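Please treat every number below as a calculation from the coordinates, not as lab data. Computed from a prediction, not measured in an experiment: that's the story for all the values here. Cβ placement follows ideal geometry from the backbone for every residue including glycine, while neighbour counts extend to all protein chains displayed.
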Amino acid sequence: MTLRPIPHILILAAGASSRMAPRDKLLEQIDGQPLIARSLRIALATGLPVTMALPPDRPDRWRAIEGMGGDRVTVERARDGMAESLKKGLAAIPPDAPVLLLLADLPELETADLLAVAGADPDFIQRGATQSGQPGHPVLLPAWLRPELNLLTGDEGARALFQRHKGQLRLVPLPDNRALTDLDTPEDWARWRALRHQ
């Protein structure tokens, strides 16, 4: 019996967070910890290997996760867009491993959500989704998709690839709105915190 390669988690944390300026959304506090640390913590709790892609010019992000475990890669050309972070991270992960792609700025995801998507059939693209079927994150990327991912450029995410391979895409429903909650502006954060503390 051939053993399947275990999934690796890749956390993308090299974005500019420009809509939050001068604040950095990955350093926003949630339950006493920066969002970037929370994202790394729930990923490490899966027991799967974890790699985080970080920019070279945000030392506060590096400090926020110091000593937490997992691997780090520096995305020297992070300003060129998300594709650079994705390709740099993928280069640090075994080529035959499925990759669970996790954006570092999703504040409602839990370890159980990551395990639900990572544990789905790795021969298919698996996307976290709402109960009503709206696709979101995280996303399990099969090893066979790797060559096409490495051709992405600029701020191009994998959305075009998901459309191209929609016959090989499956949705994994997650509780509430966890798969979609993404807070990009100070106003988004204020609304979210107000609702959370009602």
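About the Cα centre of the chain, what is the dipole size in debye to 20, counting +1 per Lys and Arg Cβ and -1 per Asp and Glu Cβ, all else neutral? Computed charge dipole of the chain: roughly 100 debye. Amide H to amide H distances under 5 Å link D71 with V50, T51, M52, where only residues 5 or more positions off or on other chains count and H is placed in the peptide plane. Compared with the alpha-carbon gap, the fully stretched path from R191 to L151 is longer by 10.6 nm at 0.36 nm per residue.
Phi angles across the stretch 69-86 convert, under the Karplus curve 6.51 cos²θ - 1.76 cosθ + 1.60 with θ = phi - 60°, into 3J(HN,Hα) values of x, x, 9, 10, 10, 8, 9, 4, 9, 4, 5, 7, x, 4, 4, 5, 4, 4 Hz, Gly and Pro given as x. Considering Cα pairs under 8 angstrom that are at least six residues apart, work out the relative contact order of the chain and quote it in whole percent. Dividing the mean separation by the residue count of the chain yields 24 percent. Pick from G32, G133, G154 the residue whose mean-square fluctuation is largest in a GNM of the chain, springs joining Cα atoms under 10 Å. Its mean-square fluctuation being the largest, the pick is G32. Residue by residue, the stretch 36-50 carries 3J(HN,Hα) couplings of 4, 6, 4, 4, 5, 4, 5, 5, 4, 5, 6, x, 7, x, 10 Hz when phi is fed to the Karplus relation 6.51 cos²θ - 1.76 cosθ + 1.60 (θ = phi - 60°); x denotes Gly or Pro.
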